[in-house]
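Reviewing the structure listed below.
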């Protein structure tokens, strides 16, 4: 199967849980309401939604943290069906989806894109109600976009004249278009080159938002990056011996060929990070989330793309279950 750039297949039958696992608990019935620039604001309870004509959809899930799950079967209601009943006004150009979550997650799309892509409200997944941890009882699915554009625990749809960035776009800097075939994962870096150089020289990134920082080939031994936001950071071939990345967010970071001996990633988010060719001896991944991380080429046939791992590398056995079969086999063979 052809995958978007830098994606890898999850193990057969698996659907990794990403983000929060439960919705906000409220003492009122669940409903989905359509408001904003519509002629006919409406709301539907869950039973009303379930009684509407449901359609079958098969989509490929592409997570921004570099894993893909092809051929996922859903059953639900086309967004267009709800909008027909609500009658968007001519001034409506964007659509915002809101979640019943503790952090009030949301995401948005141009209205014309949402209709062209075929967004739908999913109620079932592979012949069963969608599990709560995956967004049940009702979520959106946006085919053809990274899956953060598909919202768990949907309870509001609002039509807008101007765009409103969603949670992941505004807070995490994810790209607002999110086309996986163009690898639109992140927006621009958060610091300019001069500030980045100053921070690199200080070797202190702790508690800073340094998304997409470029430290390719730099000597950052002993780096303090505790609790830093380093999504999409470039540490290729960097010298990071003894670095501390505890509780940092390093999703999709690039560590290819880096020297990470004695580094610590305790409780860090390294989902989608690339460690191919990195030296990981005596590295501590205790408590780290490693969904979609890479330690060897998926083909497994190039020694220069294999991380250096031995019995001193600390990766808990339960964490390995989130890797693809190729990655699991490679890491387990070297931890023996």
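Read the figures in this text as sums done on the coordinates, not as results from a lab. Values in this document were obtained by computation on a predicted structure and should not be read as measured data. Methodologically, a virtual Cβ is constructed for each residue, glycine included, from the backbone with ideal geometry; neighbour enumeration extends over all protein chains shown.
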Discussion item. Defining a contact as two alpha carbons under 8 Å apart and six or more residues distant in sequence, what relative contact order in percent does the chain show?
Written reply: 12 percent
Discussion item. Once you place label points 7 Å from the Cα toward the Cβ at residue 170 and residue 112, how far apart are they in nm?
Written reply: 2.5 nm
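For region 226-334, go through all pairs of different Cα atoms, get the mean of 1/r, take its inverse, and jot down that Kirkwood value in Å. It would help to have the intermediate numbers written out before the result.
Numbers: mean 1/r = 0.0759 Å⁻¹.
The Cα-based Kirkwood calculation yields 13.2 Å.
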Worksheet item: How many nm separate the modelled label positions at residue 102 and residue 207, each set 7 Å beyond the Cα in the direction of the Cβ?
Response: 2.2 nm
Worksheet item: Any idea what angle helix 325-335 forms with the longest principal axis of the chain, computed on alpha-carbon atoms, 0 to 90 degrees, nearest 10?
Response: 30 degrees
Response to the item:
If each part is reduced to its alpha-carbon centroid, region 178-215 and region 120-134 end up apart, in Å, by 36 Å
Worksheet, complete the sentence: Percent antiparallel among DSSP beta bridges confined to the chain, rounded to 5, stands at 60 percent
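With the Cα gyration tensor of region 186-285 giving a ≥ b ≥ c as the square roots of its eigenvalues, does the rule (a/c under 1.5 for rounded; else a/b larger than b/c for prolate; else oblate) give rounded, prolate or oblate?
Note, shape of region 186-285 comes out rounded.
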Discussion item. Once the convex hull of the alpha carbons of region 117-221 is built, what does its volume come to per residue, in cubic angstrom?
Written reply: 174 Å³
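Sequence gap at least 6, Cα distance under 8 Å: using those rules, report the relative contact order of region 188-336 to the nearest whole percent. Before the final figure, lay out each step's value.
Working: 433 pairs, mean separation 21.5, N = 149.
14 percent.
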Practice prompt. Report, in deg cm²/dmol and to the nearest 500, the calculated mean residue ellipticity at 222 nm for the chain, where each DSSP H run with n ≥ 4 adds -39500 (n - 2.57) and the sum is divided by the residue count.
Written response: -4000 deg cm²/dmol
Response to the item:
Mean projected area (nm²) from the convex hull of Cα positions in the chain is 17.4 nm²
Worksheet item: Nearest 10 degrees, 0 to 90: what angle lies between the long axis of helix 193-202 and the longest principal axis of the chain (Cα atoms)?
Response: 50 degrees
Item to complete: For region 8-182, evaluate the Debye formula with one uniform point scatterer on each Cα (no solvent term) and list log10 I(q)/I(0) at q = 0.09, 0.16 Å⁻¹, rounded to two decimals.
Response: -0.28, -0.94
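When Rg is the radius of gyration of the Cα atoms in region 184-241 and Rh is its Kirkwood radius, what does Rg/Rh come to? Provide the component values of the computation, followed by the final result.
Numbers: Rg = 10.6 Å, Rh = 11.4 Å.
Rg/Rh for region 184-241 comes to 0.93.
Under the 0.36 nm per residue contour assumption, what length would be gained going from the current alpha-carbon distance of residue 181 and residue 85 to full extension? Intermediate values should be presented prior to the final figure.
Values: separation 96, 0.36 × 96 = 34.56 nm, distance 3.32 nm.
Separation in residues times 0.36 nm, less the Cα-Cα distance, equals 31.2 nm.
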